[in-house]
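The values are calculated or read from the model by the stated rules, or taken from the named source; none is laboratory data. Not measured: the values here are computed from a predicted model. Quick reminder, even Gly has a Cβ in these numbers, built from the backbone with ideal geometry, and neighbours come from all protein chains shown. All accessible areas refer to the heavy atoms of the entire protein, side chains included, with ligands and DNA or RNA removed. Shrake-Rupley method; radii C 1.70, N 1.55, O 1.52, S 1.80 Å.
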Amino acid sequence: MAQTLPAPVGIFGGTFDPVHFGHLRPALELYEQLSLQQMRLVPCSVPPHRPQPLASVGQRLAMLRLAVSTEPALEIDERELNRSGPSYMVDTLSSLRKELGDTPLCLCLGVDAFLGLPGWQRWRELLSLAHIVVAHRPGWQLDKRSVRSELGTLMAQHRQQDVAALRAGPAGTVLLQPVTQLAISATVVRERIGAGRSARYLLPDDVWHYIQQQKLYF
Ligand code: ATP
């Protein structure tokens with residue numbers, strides 16, 4: 001008899017330095033499109049693959065809390081902040097898997113993050129722990145020139161077209177998902193603020209007020 005699994009849980013990791021609408025809108029759309037029971041935003045403590053954040057852990061968490069306080073679909077999962085050392089996604093997914101049993105897990109990534117996957121710690125184990133959902137992002141292509149051969153093989157072996165595949169097993173599917181294209185990045189937000197310009201309407205007003213109050217990125 002076919003297994004009946006609970007609705008999937010989404011994992012949207014990031015530095016969130018600061019959180020902006022390019023995170024929030026895709027996260028909410030994926031929550032709806034994939035019929036998730038919840039989408040967890042997972043701020044990293046020590047990002048292993050990029051320069052360290054300018055805002056402190058406390059400030060990044062405070063901005064995330066302000067951003068999602070009125071949106072029940074989006075939750076914050078603080079487990080990476082409570083771990084010492086680099087925030088490896090494979091460790092995060094392992095701990096979620098222990099907690100959630102057979103519940104399907106969907107690791108949600110923008111195309112840019114997906115293209116960098118072969119540089120991640122124990123990246124080949126990720127698909128045994130979760131499905132991988134890749135959200136389109138302006139300026140990034142998943143074409144033959146940009147996809148490294150091992151990612152191409154991964155997609156050839158695991159890619160599915162149908163969202164229903166995420167309910168058929170706890171892990172192991174790669175799905176590409178269109179979302180509203182917002183050409184916003186935290187880098188651009190920080191640069192604008194650093195240049196003395198406004199970041200309003202790129203992120204929630206409450207986050208923008210917090211940035212001003214804390215004199216962040218100026
Ligand atoms: P930075 O500019 O500092 O590198 P960022 O804006 O890319 O930051 P991150 O916190 O590094 O944000 O990204 C977390 C996740 O959000 C990644 O999977 C990334 O692909 C995704 N993401 C960020 N911005 C967008 C966007 N505008 N559209 C779709 N996905 C996005």
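Taken over region 19-35, the criterion of being among the aliphatic types (A, V, I, L, M), in contact with a Gly (Cβ under 9 Å, 6 or more places away or on another chain) and either open to solvent by 10 Å² or more (accessible area, probe 1.4 Å) or under 14 Å from GLY110 (Cα atoms) (or both) is satisfied by ALA27, LEU30. Does region 133-149 contain any residue that is without any contact (Cβ under 8 Å) to a residue 12 or more places away in the chain, within 16 Å of the ligand (Cβ to nearest atom) and surrounded by 12 or more Cβ atoms within 10 Å (Cβ to Cβ)? Within region 133-149, not a single residue is without any contact (Cβ under 8 Å) to a residue 12 or more places away in the chain, within 16 Å of the ligand (Cβ to nearest atom) and surrounded by 12 or more Cβ atoms within 10 Å (Cβ to Cβ). Of all positions in region 164-178, none carries a residue that is over 18 Å from the mean Cα position of the chain (by Cα), touching a residue at least 12 places away in the same chain (Cβ under 8 Å) and within 16 Å of the ligand (Cβ to nearest atom). Go through region 72-109 residue by residue and tally those that are closer than 15 Å to PRO170 by Cβ and of a type in the set (Lys, Arg). Number satisfying all stated conditions: 2. Just to verify a result, which residue in region 181-218, among those that are of a type in the set (D, E, K, R) and out of contact with any Pro (no Cβ under 9 Å at 6 or more places or on another chain), is nearest to the ligand (Cβ to nearest atom)? The selected residue is GLU191.
Within region 118-218, which helices (runs of 4 or more DSSP H) (wholly inside it) include 1 or more residues that are touching a helix residue (DSSP H, G or I) at 6+ places or on another chain (Cβ under 8 Å)?
Details: elements: 126-129, 149-158, 165-168, 186-194, 205-214.
In region 118-218, 126-129, 149-158, 186-194, 205-214 are the helices (runs of 4 or more DSSP H) which contain 1 or more residues that are touching a helix residue (DSSP H, G or I) at 6+ places or on another chain (Cβ under 8 Å).
Looking at ALA7, ALA73, ALA55, which is the one that is in contact (Cβ under 8 Å) with a residue 24 or more places away in the chain, more than 13 Å from the ligand (Cβ to nearest atom) and surrounded by 15 or more Cβ atoms within 10 Å (Cβ to Cβ)? Before you say what the answer is, go through the steps one by one.
Numbers: ALA7 fails: surrounded by 15 or more Cβ atoms within 10 Å (Cβ to Cβ); ALA55 fails: more than 13 Å from the ligand (Cβ to nearest atom).
Answer to the check: ALA73.
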